[in-house]
1. Mind jotting down the distance between the C-alpha centroids of the stretch 208-266 and the stretch 136-169, whole Å?
2. To the nearest 0.05, how large is the calculated FRET efficiency for GLN90 and ASP113 if R₀ is 25 Å and r is the Cβ-Cβ distance?
3. Evaluate E = 1/(1 + (r/R0)^6) for ALA104 and HIS10, where r is the Cβ-Cβ distance and R0 equals 45 Å; express this FRET efficiency to the nearest 0.05.
4. Could you work out how much longer the chain between LEU165 and ARG140 gets when fully extended? Use 0.36 nm per residue separation minus the Cα distance between them, nm to one decimal.
5. Enter the angle in degrees (range 0 to 90, nearest 10) between the Cα long axis of helix 82-93 and the first principal axis of the Cα atoms of the chain, meaning the one along which they spread out most.
6. Relative to the compact globular guide of 2.2 N^0.38 Å, what is the alpha carbon radius of gyration of the stretch 137-277, as a ratio?
7. With contacts defined as alpha carbon pairs under 8 Å and 6 or more residues apart, what's the relative contact order of the chain in percent?
8. So if a site counts as exposed when it's one of the trypsin sites (Lys or Arg not before Pro), its DSSP state isn't H, G, I, E or B, and it has at most 13 other Cβ atoms within 10 Å, what's the longest stretch of the chain without one?
Amino acid sequence: TPHTVVLYAHHDLVDSVQPGDRISVTGIYRAVPLRVNPRARTVKAVYKTYVDVIHFRKTDTKRLRERDDEEDEEGQKKTFTAERVEQLKQLARAPDIYERLARALAPSIYENDDIKKGILLQLFGGTKKDFKNTGRGRFRADVNILLCGDPGTSKSQLLQYIHNLMPRSQYTSGKGSSAVGLTAYVTKDPETRQLVLQTGALVLSDNGICCIDEFDKMNDSTRSVLHEVMEQQTLSIAKAGIICSLNARTSVLAAANPRMSQWDEKLTVVENIQLPH
């Protein structure tokens, strides 16, 4: 299970970061006693610990970054050595770089070159366009892909490979995920008795990829949640007095079987996939 730490933010720091952001926190680690019974004066032997936040610093918002920002003596951020940068530039000049990268993706899976090229383009994403000055807002640069094919054509293997490759990705299965599990749900904190917003898979894979297997076995209500995330890249929630809009700049990579569990060549693509559109 992932280890979690409770952070308390006060005054101006409230709502300065969004769920799904990668942050480094400066704060004071505190311990407070908890009463066993509200009417008695006895306290628990184990104290509850939390961090009083003094400062949030957002780490890099780029797409693929595994390490935290490393700074050398001159204060310059270094991610690659000079030799590595030169090697990357030489690779970029190669005329067959597209094919070489596609072949390097999931090398244990034979052929499927077109599918690998599509997933490669999804990993890189498009160019983010910002038209806020003209009043048209932001245009999404993320590609959403649905893999649809017969059973045994290594769709799940590709999804597992991408899930392990991306530093920020979530893997869910269609039948085992609900609408609130993908988006966000409101729970009660057992200690403070306050309502807390717990984020789901789509928000946690912000700036990454959300892999969804068995897409055709999903409930229609669960699938309809994905529309806003795939188009607007935000997630609006109005539950139990908590009204907010969360960032979900995620690419969705889904895998599904055709309608009759096998591709029928006599039918059109829409009739074969048979997902509500």
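1. Cα centroid to Cα centroid, the span is 12 Å.
2. Result of the calculation: an efficiency of 0.60.
3. 0.40
4. Value of the extension gain: 6.8 nm.
5. 40 degrees
6. 1.15
7. 16 percent
8. 194-265
Quick note: the coordinates plus some simple rules give every number you see, no bench work behind them. As the structure is a computational prediction, the values presented were derived from the model and not from experiment. Heads up, the Cβs are rebuilt from the backbone with ideal geometry, glycines too, and the neighbour counts pull from every protein chain shown.
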